[in-house]
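Each reported figure results from applying straightforward, stated rules to the coordinates on display, with no laboratory input. All values derive from a computational prediction rather than experimental measurement. Cβ coordinates were reconstructed from backbone atoms using ideal geometry, including for glycine residues, and neighbour counts include every protein chain displayed.
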Amino acid sequence: MFNKKLSKKAHDLIDAQPKACWKNAILALLTLPDLAGCVYVEGWIISLIVIEHGWLEMPNGDIVDPTLIKGDAKYFPGVKYTAEQCEEAVSKGKTLPLVYEGNGFGGFRHVGYLTAHNLAFEHFLNNN
C-alpha cells in the first residue's frame, strides 16, 4: 500500500528534487526519524511508462516515495538496502543507483533487479 501522507511529509522535509529519486529516497531514510526501520529500494515502476526508480519500504510493506507523492505508480522492487548499508555507501561516495556497482550494465547481473525489470515490462505490455 502507498503511504501518501508520509511520502508527502518526506518530500517536503527534504525538499525532494525531480529526477533524483535515488538521492531523495536515501536522504529521507537517513534524516527523518519517522522512517526508522524502512529499507531503501531500487527497482522499476510503471508511471505512464516503465522507468527505473528508488523509494522506501516500511517494515509493514507500505511504500514511501518522496519523489512521486501522488501514489499513482505501480512498484516492482529489485534490491533492498538497510539504512546502515546506505550510510556506508554515502560515506564511501558510491554512485546511485547502488545496484549498478558490480552488477554489469544497468545492474542486470543482479537477479532481483533483472526480475523486477522483466516483471514491470511484462505487466506494462499486458495491460496497455
Please work out how much length the chain gains when fully extended from Ala36 to Lys4, using 0.36 nm per residue of separation minus the C-alpha to C-alpha distance, in nm with one decimal. 9.8 nm
Sorted by Cβ neighbour density within 10 Å, fewest at the top, the residues Lys19, Lys9: Lys19, Lys9
Amide H to amide H under 5 Å from Trp44: which residues, 5+ apart in sequence or cross-chain, H placed 1.01 Å off N in plane? His53, Phe76, Gly78
Of the residues Leu32, Leu96, Leu68, which exhibits the maximal mean-square fluctuation in a Gaussian network model of the chain defined by a 10 Å Cα contact cut-off? Leu32
What is the count of Lys pairs in region 4-127 whose alpha carbons sit under 17 Å apart, if the two are 8 or more places apart or on different chains? 13
Run the quick spin-label model on Glu101 and Phe121: label points 7 Å from Cα toward the beta carbon, then report their separation in nm to one decimal. 2.7 nm
Integer Hz, Karplus 6.51/-1.76/1.60 couplings in order for region 95-105, x for Gly and Pro: 7, 9, x, 5, 4, 5, 5, x, 10, x, 3
Residue by residue, what Karplus-based ³J(HN,Hα) values in Hz, rounded to whole numbers, does region 71-83 have, using 6.51, -1.76 and 1.60 with θ = phi - 60° and x for Gly and Pro? x, 9, 9, 10, 9, 10, x, x, 9, 10, 10, 6, 4
What is the list of residues in region 30-58 whose amide nitrogen lies under 18 Å from a point 7 angstrom out from the Cα of Lys80, following Cα to Cβ? 30, 35-45, 53-58
Quick calc, the chain, dipole around Cα centre from Cβ unit charges on Lys, Arg (+) and Asp, Glu (-), nearest 20 debye, gives 200 debye
What's the local net charge at Gly54, with K and R +1, D and E -1, over the other residues with C-beta under 12 Å away? -1
Give me the distance between the Cα centres of region 46-81 and region 21-37, rounded to whole Å. 13 Å
Counting each DSSP H run of 4 or more residues in the chain as -39500 (n - 2.57), what helix-only mean residue ellipticity at 222 nm follows after dividing by all residues, to the nearest 500 deg cm²/dmol? -11500 deg cm²/dmol
